[in-house]
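Worksheet: the structure to be examined is printed underneath.
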Amino acid sequence: VQDLKLKVLDMGMGMERAAWFSQGSPTIYDAVFPTVLKKLKSKTGLKVNKKLLQRYVPHGGQLNNDEVEDMNKAWKKVAKLVEVDVKELRQMILPLSRLYSIGEHMRSALIVLNDGGLPSNVGGGYNLRMLIRRSLGFIDKEDWDIDLTDLCSWHADYLEPMYPELKKNLDNIHKILEIEKKKYNNTKEKTSRIVANLKNINEEKLLELYDSQGISPDMI
């Protein structure tokens, strides 16, 4: 771990927002890792309707899971504001949000792993493991040909002018990610066996599986 040369006060502004506003990009992700996103879109073949995205972004905050009771109703409301069919809106936004999430999650994971953090089932290590597994889950869901080790290398290349140390530890980071992918696949197989024997799945059962087996609702 190295101290930053420049000491700063975290005032809550969000420096990435400044890059977003000054560049006028559709989202903050397009502003802070544009080359990585370009490679991700090329790798997945995901096409984006830029005009539709620009209309959607000002209203996207209304689809926050933590603040919405009826998500289907919220989607219909946002679709009406954007003036597009709700099905068409979901078909574009959901895959795109997963792509953005994968890019952002693995940028965070790269920095934490470079600082010596390790995936685990407790504390910050648990958060790191969830970032990696959530990324792998999105890749599975969309059946994308994305390798997390490649993604970390792309981020390290882009960030090299500011953080050259990221490239020095890539070999170790790649090894850790390969181990985590194997553990994730093992958990998937275990989840399939457990779920196959369940007669019904309710909220109480979801909590029990999460607490006892580490199986998240998303994986089920």
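The values are calculated or read from the model by the stated rules, or taken from the named source; none is laboratory data. For clarity, every value in this text was computed on a predicted model and none was experimentally measured. Here Cβ is always computed from backbone atoms with ideal geometry, including for glycine, and neighbour counts include all displayed protein chains. These accessible areas exclude ligands, DNA and RNA; they are computed on the full protein's heavy atoms, side chains included. Shrake-Rupley method; radii C 1.70, N 1.55, O 1.52, S 1.80 Å.
Whether any residue in region 194-210 is within 30 Å of residue 31 (Cβ to Cβ), open to solvent by less than 50 Å² (accessible area, probe 1.4 Å) and among the aliphatic types (A, V, I, L, M) is what I want to check.
Initially, region 194-210 is screened for residues within 30 Å of residue 31 (Cβ to Cβ), giving none.
No: region 194-210 contains no residue that is within 30 Å of residue 31 (Cβ to Cβ), open to solvent by less than 50 Å² (accessible area, probe 1.4 Å) and among the aliphatic types (A, V, I, L, M).
Within region 134-158, how many residues are open to solvent by less than 60 Å² (accessible area, probe 1.4 Å) and without any contact (Cβ under 8 Å) to a residue 40 or more places away in the chain?
Applying the first criterion (open to solvent by less than 60 Å² (accessible area, probe 1.4 Å)) to region 134-158 yields 135-139, 142, 144, 146-149, 151-156.
Now narrow it down to the ones that are without any contact (Cβ under 8 Å) to a residue 40 or more places away in the chain: 135, 139, 147, 149, 153.
The number of residues fulfilling the criteria is 5.
Regarding region 105-117, can at least one residue be identified that is open to solvent by 30 Å² or more (accessible area, probe 1.4 Å) and of a type in the set (Gly, Ala, Ser)?
Here is the first cut: in region 105-117, the residues open to solvent by 30 Å² or more (accessible area, probe 1.4 Å) are 107-108, 111-112, 115-116.
Retained after the next criterion (residues that are of a type in the set (Gly, Ala, Ser)): 108, 116.
Yes, some residue in region 105-117 is open to solvent by 30 Å² or more (accessible area, probe 1.4 Å) and of a type in the set (Gly, Ala, Ser).
Identify the single condition in (1) open to solvent by 80 Å² or more (accessible area, probe 1.4 Å); (2) under 18 Å from the mean Cα position of the chain (by Cα) that residue 186 does not satisfy, given that it satisfies every other one.
Against the list (1) open to solvent by 80 Å² or more (accessible area, probe 1.4 Å); (2) under 18 Å from the mean Cα position of the chain (by Cα), residue 186 comes up short only on (2).
Taking the condition of being in contact (Cβ under 8 Å) with a residue 60 or more places away in the chain and open to solvent by 50 Å² or more (accessible area, probe 1.4 Å), how many residues in region 162-182 meet it?
1
Within region 98-114, identify whether any single residue is farther than 30 Å from residue 175 by Cα and part of a helix (DSSP H, G or I), and answer yes or no. Let's see the steps before the verdict.
The first filter runs over region 98-114 and keeps only residues farther than 30 Å from residue 175 by Cα, leaving none.
Checked against the condition, which is being farther than 30 Å from residue 175 by Cα and part of a helix (DSSP H, G or I), region 98-114 yields no hits at all.
Taking the condition of being open to solvent by 50 Å² or more (accessible area, probe 1.4 Å) and assigned to a helix (DSSP H, G or I), how many residues in region 60-79 meet it? Talk me through it step by step, then tell me what you get.
Filtering region 60-79 down to residues open to solvent by 50 Å² or more (accessible area, probe 1.4 Å) leaves 61-62, 64-67, 69-70, 72-73, 76-77.
Restricting the remaining residues to those that are assigned to a helix (DSSP H, G or I) gives 61-62, 72-73, 76-77.
Count: 6.
Determine whether residue 167 is part of a loop (DSSP other than H, G, I, E, B) and either within 16 Å of the chain's Cα centre (by Cα) or farther than 21 Å from residue 99 by Cβ (or both).
Details: part of a loop (DSSP other than H, G, I, E, B): no; either within 16 Å of the chain's Cα centre (by Cα) or farther than 21 Å from residue 99 by Cβ (or both): yes.
Judged against the criteria, residue 167 is not a match.
Quick check, is residue 31 among the small types (Gly, Ala, Ser) and over 13 Å from residue 103 (Cα atoms)?
Details: among the small types (Gly, Ala, Ser): yes; over 13 Å from residue 103 (Cα atoms): no.
No, not satisfied.
Filter region 115-133 down to the residues that are outside any helix (DSSP H, G or I) and free of Cβ contacts under 8 Å to residues at least 24 places away in the same chain and list them by number.
Just the residues of region 115-133 that are outside any helix (DSSP H, G or I), to begin with: 115-122.
117, 120, 122 - these are the residues of region 115-133 that are outside any helix (DSSP H, G or I) and free of Cβ contacts under 8 Å to residues at least 24 places away in the same chain.
Checking the condition surrounded by fewer than 18 Cβ atoms within 10 Å (Cβ to Cβ) and either aliphatic (A, V, I, L, M) or more than 30 Å from residue 41 (Cα to Cα) (or both), which residue from 216, 120 passes? Spell out the reasoning first.
Numbers: 216 fails: either aliphatic (A, V, I, L, M) or more than 30 Å from residue 41 (Cα to Cα) (or both).
The match here is 120.
Residues that are of a type in the set (Ser, Thr, Tyr) and either in contact with a Cys (Cβ under 9 Å, 6 or more places away or on another chain) or over 20 Å from residue 145 (Cβ atoms) (or both): does region 34-45 have at least one? Full working, then the answer.
First, the residues of region 34-45 that are of a type in the set (Ser, Thr, Tyr): 35, 42, 44.
With the extra rule that they be either in contact with a Cys (Cβ under 9 Å, 6 or more places away or on another chain) or over 20 Å from residue 145 (Cβ atoms) (or both), the set shrinks to none.
No: region 34-45 contains no residue that is of a type in the set (Ser, Thr, Tyr) and either in contact with a Cys (Cβ under 9 Å, 6 or more places away or on another chain) or over 20 Å from residue 145 (Cβ atoms) (or both).
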